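Trainee: Below you'll find the structure I mean.
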2 protein chains.
Amino acid sequence: MVTLSEVAREAGVSPTAVSRHLNRSIVLPKATADRIDEAVGRLGYRPNALAKRLSKGKAEAICLATPEISNPFFAELASAIESAAAERGYGVTLLSTRGRPAREIEAVNQLADRYFDGLIMIAARPDDGTLGDLIGRRQGIVLLDEDVPAARVPRIFVENAIGARLATEHLIAMGHTDIALIAGPMGLLSANERVEGFKATMAAHGLRVDEARMLHGEFTREFGHEAALAIARMSPRPTAILACSDYLSVGVLGALHDLGLSVPDDISLVGFDDMPLAELFDPPLTTIRQPIAEMGRIALERLLASLDGVEVPAMTRLPVELIVRKSVADIRGNARR
Amino acid sequence: MVTLSEVAREAGVSPTAVSRHLNRSIVLPKATADRIDEAVGRLGYRPNALAKRLSKGKAEAICLATPEISNPFFAELASAIESAAAERGYGVTLLSTRGRPAREIEAVNQLADRYFDGLIMIAARPDDGTLGDLIGRRQGIVLLDEDVPAARVPRIFVENAIGARLATEHLIAMGHTDIALIAGPMGLLSANERVEGFKATMAAHGLRVDEARMLHGEFTREFGHEAALAIARMSPRPTAILACSDYLSVGVLGALHDLGLSVPDDISLVGFDDMPLAELFDPPLTTIRQPIAEMGRIALERLLASLDGVEVPAMTRLPVELIVRKSVADIRGNARR
DNA sequence: CTCCGGCAATAAACCGCTTTACCGAAGGCT
DNA sequence: AGCCTTCGGTAAAGCGGTTTATTGCCGGAG
């Protein structure tokens, strides 16, 4: 391991000169500069990142805390963030919280410990205040996709209510009036907003929504499965399901398939997220697209900006879009089954 | 930012005492220990990770270099690795190489720069020797899923040839004799082994394989799409396709669907990887399962072991398994179409 | 002949923690 | 009484860079 001092000795100058020359914080006469460059090359010198980080007080890295990186939605987000970060010379440390509050707290603590300069947090469940307190008004955090109420940090969300409206309107336009909702965890912002968007749209069309037809649970395949089973048993059976995440939809698809029910012939389904590969499902999933790549890019930009001390918007809302594929049946004019 | 020295002053002891006490490298009388603990608590002291890393000479982090983290196969691998690493107190830095050799080299350089202690590398394309030289016999690297020939580091691969044999035998058992192969990049170990497994199995069954029916290209959706189009145009058209990665299969499925060809009625398909969600495709994909979670866990274990200086096997082969779903038709007894 | 300014380069402090000695006092043994 | 241990702790040298303030020197202006 060759150090700065060795290069300096080799080039016959001081370590300071080498450091400043390499960081372009000094302009040396060509002869000296060449001697240094030559020594660097000959010894194969590479600055020790650990030392650099300590003396600069920057980790040159950010952390991305996701509920679960194996979820393609988060994986896609991670990809966008990593790519943007790499361009700016930052590393991305991954931290899957797996829905455990302790892991989310760990992420914030590691930020405090300077393991990284900033943190992009995708929360997974409603916060009881612990996380919010911890985040407080700390610098260097950005909340993505999901809220942690008490925290005073920049947020990047999508238009959840509009997405739910788009989905609901589509279903209504196709003749559905009895729609079940599979929502996310009670108390989670994105879940709430989607529920509200759904309810408001139903109301606007003079449709009643039965509380018993709105199921709350985690954004997991398992809960989607479970909820779909429950919905299939309802009587009369809803003609359509709005699932507030594609991961839920995946569970729904599996459950309905197991029951021998066809989507969309027996029951229609709209998802939310447009997660990668959703177009390949059986049937291709009609869903609300979140601009994943853009969310990631913007989250990173906001984070780095706030690290540089520039003021960033407290809240950014990104647009969503209805993607019509094959999971919704047109039942206009049909008799109620 | 409160430092060790401040805690020491507050507790009326030396920084050494605080450091050693906190790291349990000394046992102090209860009274002193309590004074230190109390000071730590009152000041809210947290050790600076940057300083710790420099003085210990360890980054407490490893890097996972994947071709593309948004690919569910790699995302799943990342999840397993992150989880195992977290248990051992290591952070995981993500680096998507996006198939660019420069990014792979970057990963190795960053390892040299001590950005992290170890590197799990999933190579993406045949190496011209550059990467191999760089990796050389360097400590702290493990190759996963894909080879870089010249390097003298531990490797964790699956039984590629056996997987290809299993897939081919299944196809043959279902009556297929004219099988097209969509292989990975020429010269990539996993691709080669799968091709060889396919050829050997065909030969063992007395079936001829036409070189023109074996297509080489990158492990991407795009190439899968392209290759499927080419295969559909062949005359006579093969009755089955063996795609050497599920990501390729995804492209195949899309292309055949666009052509109005049904899988498996018009053409059968077997994939490789059993990537997450493959069971939801239309049709559910028959494929060769790689034990993704185990691969990740073992890769991490091997890496950490080798960092600790313990000898690890130069090569580990993990078993694969045929997962029969719905993408292969039984055409035994059928007339050749 | 001095003084000043700018060039070339450096000494030394610092980032915050770890770790390797090493030291003084108290107690136990012979 | 003298010597050895153990206990309780510390001084100081790193780790490998960055950075601030400073120095010596030289040429030109006054």
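Trainee: So which residues in the range A:9-48 are more than 11 Å from DNA strand D (Cβ to nearest atom) and assigned to a loop (DSSP other than H, G, I, E, B)? Please lay out each step first, then the result.
Mentor: Start the filter on the range A:9-48 by keeping residues that are more than 11 Å from DNA strand D (Cβ to nearest atom), which leaves A:9-13, A:27-39, A:41-42, A:44.
Within the range A:9-48, A:Gly12, A:Val13, A:Val27, A:Leu28, A:Pro29, A:Gly44 meet the criteria.
Trainee: Hey, another quick one. Anything in the range B:117-134 that is among the acidic types (Asp, Glu), within 14 Å of chain A (Cβ to nearest Cβ) and free of Cβ contacts under 8 Å to residues at least 40 places away in the same chain? List them, or say none. Walk me through it before giving the result.
Mentor: So in the range B:117-134, the residues among the acidic types (Asp, Glu) come out as B:117, B:127-128, B:133.
Checking which are within 14 Å of chain A (Cβ to nearest Cβ) leaves us with B:117, B:133.
Correct list: B:Asp133 only.
Trainee: Going through the range B:61-98 one residue at a time, which ones are more than 18 Å from A:Tyr90 (Cβ to Cβ), free of Cβ contacts under 8 Å to residues at least 60 places away in the same chain and outside any helix (DSSP H, G or I)?
Mentor: Selection gives B:Glu68, B:Ser70, B:Gly89.
Trainee: Taking A:Leu171 and the conditions (1) more than 17 Å from the chain's Cα centre (by Cα); (2) outside the structural domain of A:Ala212 (by TED's automatic domain parsing); (3) modelled with pLDDT of 95 or more, which numbered condition does it fall short on, given that it satisfies the others?
Mentor: (2)
Trainee: Same structure, new question: If a residue counts only when it is in contact (Cβ under 8 Å) with a residue 24 or more places away in the chain and more than 17 Å from the chain's Cα centre (by Cα), which strands (runs of 3 or more DSSP E) contained entirely in the range A:237-317 have at least 3 such residues?
Mentor: Details: elements: A:240-243, A:268-273, A:286-289.
So the answer is A:240-243, A:268-273.
Trainee: A further question on this structure: Can you find a residue in the range B:175-196 that is open to solvent by 50 Å² or more (accessible area, probe 1.4 Å), within 30 Å of B:Gly333 (Cα to Cα) and not in a helix (DSSP H, G or I)? Write out each step before concluding.
Mentor: We begin by selecting, within the range B:175-196, every residue open to solvent by 50 Å² or more (accessible area, probe 1.4 Å); these are B:177, B:186, B:192, B:196.
Checking the rest, the ones that are also within 30 Å of B:Gly333 (Cα to Cα) come to B:177, B:196.
With the extra rule that they be not in a helix (DSSP H, G or I), the set shrinks to B:177.
So far as the range B:175-196 goes, yes, one or more of its residues are open to solvent by 50 Å² or more (accessible area, probe 1.4 Å), within 30 Å of B:Gly333 (Cα to Cα) and not in a helix (DSSP H, G or I).
Trainee: Give B:Arg114, B:Arg155, B:Arg137 a once-over and let me know the one that is within 25 Å of A:Glu87 (Cα to Cα) and either open to solvent by 40 Å² or more (accessible area, probe 1.4 Å) or more than 14 Å from every other protein chain (Cβ to nearest Cβ) (or both). Walk me through it before giving the result.
Mentor: On the way: B:Arg155 fails: within 25 Å of A:Glu87 (Cα to Cα); B:Arg137 fails: within 25 Å of A:Glu87 (Cα to Cα).
None of the others qualify; the one that does is B:Arg114.
Trainee: Do you know which residues across the range A:37-47 are open to solvent by less than 80 Å² (accessible area, probe 1.4 Å) and either over 15 Å from A:Ser14 (Cα atoms) or near DNA strand C (Cβ under 9 Å from one of its atoms) (or both)?
Mentor: Kept after step one, since they are open to solvent by less than 80 Å² (accessible area, probe 1.4 Å), are these residues of the range A:37-47: A:37, A:39-41, A:43-45, A:47.
The answer is A:Gly41, A:Leu43, A:Gly44, A:Tyr45, A:Pro47.
Trainee: Sticking with this one: Given the residues A:Glu106, A:Glu60, which is the only one that is of a type in the set (D, E, K, R) and away from DNA strand D (no atom under 16 Å from the Cβ)? Give the steps one after another, and end with the answer.
Mentor: Working: A:Glu60 fails: away from DNA strand D (no atom under 16 Å from the Cβ).
Going through A:Glu106, A:Glu60 in turn, just one is of a type in the set (D, E, K, R) and away from DNA strand D (no atom under 16 Å from the Cβ): A:Glu106.
Trainee: Would you be able to say whether some residue in the range A:256-267 is at the interface with another protein chain (Cβ under 10 Å from one of its Cβ atoms), within 22 Å of A:Glu68 (Cβ to Cβ) and at pLDDT below 95? Walk me through how you get there before you give the answer.
Mentor: Filtering the range A:256-267 for residues at the interface with another protein chain (Cβ under 10 Å from one of its Cβ atoms) gives A:257.
Adding the requirement that they be within 22 Å of A:Glu68 (Cβ to Cβ) leaves none.
So far as the range A:256-267 goes, no, none of its residues is at the interface with another protein chain (Cβ under 10 Å from one of its Cβ atoms), within 22 Å of A:Glu68 (Cβ to Cβ) and at pLDDT below 95.
Trainee: Next up: How many residues does the range A:48-73 hold that are of a type outside the set (Gly, Ala, Ser) and surrounded by 23 or more Cβ atoms within 10 Å (Cβ to Cβ)? Show your work before the answer.
Mentor: As a first pass, look at the range A:48-73 and keep what is of a type outside the set (Gly, Ala, Ser): A:48, A:50, A:52-54, A:56, A:58, A:60, A:62-64, A:66-69, A:71-73.
Going one step further and asking which of them are surrounded by 23 or more Cβ atoms within 10 Å (Cβ to Cβ), we end up with A:53, A:62-64, A:66-67, A:69, A:71-73.
Matching residues across the range A:48-73 total 10.
Trainee: Further question on the same structure: Report yes if A:Leu144 is open to solvent by less than 10 Å² (accessible area, probe 1.4 Å), over 20 Å from the mean Cα position of the chain (by Cα) and modelled with pLDDT of 95 or more, otherwise no. Lay out the reasoning, then the answer.
Mentor: Details: open to solvent by less than 10 Å² (accessible area, probe 1.4 Å): yes; over 20 Å from the mean Cα position of the chain (by Cα): no; modelled with pLDDT of 95 or more: yes.
Criteria not met by A:Leu144.
Trainee: Picking from B:Glu104, B:Glu82, B:Glu76, which residue would you name as being within 19 Å of the chain's Cα centre (by Cα), closer than 24 Å to B:Leu277 by Cβ and open to solvent by less than 20 Å² (accessible area, probe 1.4 Å)? First the steps, then the outcome.
Mentor: On the way: B:Glu104 fails: closer than 24 Å to B:Leu277 by Cβ; B:Glu76 fails: open to solvent by less than 20 Å² (accessible area, probe 1.4 Å).
Step by step, each of B:Glu104, B:Glu82, B:Glu76 is checked, and only B:Glu82 is within 19 Å of the chain's Cα centre (by Cα), closer than 24 Å to B:Leu277 by Cβ and open to solvent by less than 20 Å² (accessible area, probe 1.4 Å).
Trainee: Looking at A:Leu22, A:Leu28, which is the one that is in contact with a His (Cβ under 7 Å, 6 or more places away or on another chain), open to solvent by 10 Å² or more (accessible area, probe 1.4 Å) and not basic (Lys, Arg)?
Mentor: Details: A:Leu22 fails: in contact with a His (Cβ under 7 Å, 6 or more places away or on another chain).
Exactly one residue qualifies, and that residue is A:Leu28.
The values are calculated or read from the model by the stated rules, or taken from the named source; none is laboratory data. Predicted model only: the values in this text are computed from it and were never measured. Cβ sites come from the backbone with ideal geometry, for glycine too, and all protein chains shown count toward neighbours. Protein only, heavy atoms only, side chains kept; ligands, DNA and RNA dropped before computing areas. Shrake-Rupley method; radii C 1.70, N 1.55, O 1.52, S 1.80 Å.
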